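The structure appears below as structure tokens.
The values are calculated or read from the model by the stated rules, or taken from the named source; none is laboratory data. Just so it is clear, the structure is predicted and the values come from calculations on it, not from any experiment. Cβ placement follows ideal geometry from the backbone for every residue including glycine, while neighbour counts extend to all protein chains displayed.
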Amino acid sequence: MSGVGVAIGGLVAVGAGAWGTYAWPLLYAALAAALSTAGGNGLNDLFDRETDRVNHPDRPLVTGAVTVGEAKSFILSAFVAAGALGGAASPWCFALVLVNAAVMYAYESSLKKRGAPGNVVIAYLVGSLFLFAGFAVFRTDPAPLFRTGVLALLAFLATLGREITKDIEDMAGDVDRRTLPQRIGAGPAGRFAAAALVAGVALSAVPWVTTVLHPAYAVVVLPADGMFIYAAFYSATRPARSQRVTKYAMVVALIAFLAGGLL
């Protein structure tokens, strides 16, 4: 799915050029993102192996099907391969692989249990998929990088709002994490989530105002904006519904960017 996200970002950035002039750089970037995510998932299993003995006893590190040494070798190999493919795409993609690897390690080693910082990391990692695409196709024209940058920031804000809303929903069960709702309460946390979603709605006007995307974008993004605003209203009081609507709104917003980039 990470690779698919980069491919979609490439279509938004350069349209038909994604399967023409920029096909190879985007392919390398998509593979780099996929392998980087695989390395991150490996880190997650490595750090969570003790809690997984209770929560997920069938996972390979718990059952012994994979040793800790083998897991570490896989993680290192995944990140090294991601770096090589990122470098083949562009120096910027290579740098992004290094940054994301460091961020993933920090998340697993400390930030995950601290609530809000972990929410920010997850939101950044989702948004960074579109940065892979922008960095892969950037040459001299800033327009493709601007398009993917706006898409990345929109994904960041929507994901941040959804992550906080999920923490509101899971307040009772999060006994091993100090989440934002636990620190300040469901109401204030809901307002933070709503603010992130509303900021995303405001940001969605930028591609239309600056005319970097086809007017079809504006037509399709309006329903997404309505869904984001609806989700913002219910972040604190109905978090399950809010985060579900946010997820659907993100899909509609992605379609809007595709429509604006391809037409």
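Say we look at segment 19-47 and pick out the residues that are without any contact (Cβ under 8 Å) to a residue 60 or more places away in the chain and more than 15 Å from G86 (Cβ to Cβ); which of these is surrounded by the fewest Cβ atoms within 10 Å (Cβ to Cβ)?
That would be G20.
Considering only segment 48-79, state which residues are free of Cβ contacts under 8 Å to residues at least 40 places away in the same chain and of a type in the set (G, A, S).
Hits for segment 48-79 are G64, A65, G69, A71, S73, S77.
For segment 103-221, give me every one of the helices (runs of 4 or more DSSP H) that falls completely inside it and has 2 or more residues that are of a type in the set (V, I, T) and farther than 26 Å from D45 by Cα. Break it down into steps so the answer makes sense when it comes.
Working: elements: 116-137, 143-169, 180-184, 186-203, 206-209.
Output list reads 143-169, 186-203, 206-209.
Inside segment 72-109, can you point out the residues that are polar (S, T, N, Q) and surrounded by fewer than 22 Cβ atoms within 10 Å (Cβ to Cβ)? Please lay out each step first, then the result.
Looking only at segment 72-109, we keep the residues that are polar (S, T, N, Q), and these are 73, 77, 90, 100, 109.
Once the filter is applied, which keeps residues that are polar (S, T, N, Q) and surrounded by fewer than 22 Cβ atoms within 10 Å (Cβ to Cβ), segment 72-109 yields S73, S77, S90, S109.
Only residues that are free of Cβ contacts under 8 Å to residues at least 12 places away in the same chain and assigned to a helix (DSSP H, G or I): list them for segment 227-261, please. Let's see the steps before the verdict.
Keep residues of segment 227-261 that are free of Cβ contacts under 8 Å to residues at least 12 places away in the same chain, which gives 234, 238, 241, 244, 251.
Selection gives R241, R244, V251.
How do the pairs read when you match residues in segment 135-155 that are free of Cβ contacts under 8 Å to residues at least 24 places away in the same chain with residues anywhere that are crowded, with 21+ Cβ neighbours inside 10 Å and among the hydrophobic types (A, V, I, L, M, F, W, C), using Cβ under 9 Å and keeping only pairs 6 or more apart or on different chains?
Once the first residue is free of Cβ contacts under 8 Å to residues at least 24 places away in the same chain and sits in segment 135-155, its partners that are crowded, with 21+ Cβ neighbours inside 10 Å and among the hydrophobic types (A, V, I, L, M, F, W, C) give G149/F130; G149/L131.
Just the residues that are modelled with pLDDT under 90 and part of a loop (DSSP other than H, G, I, E, B), please, taken from segment 22-71.
D48, H56, P57, D58, R59
Test each condition in (1) without any contact (Cβ under 8 Å) to a residue 12 or more places away in the chain; (2) β-branched (V, I, T); (3) closer than 30 Å to V150 by Cα for I8 and report the one that comes out false.
(1)
When only residues in segment 1-21 that are not in a helix (DSSP H, G or I) and not hydroxyl-bearing (S, T, Y) count, which is farthest from L129 (Cα to Cα)?
G20
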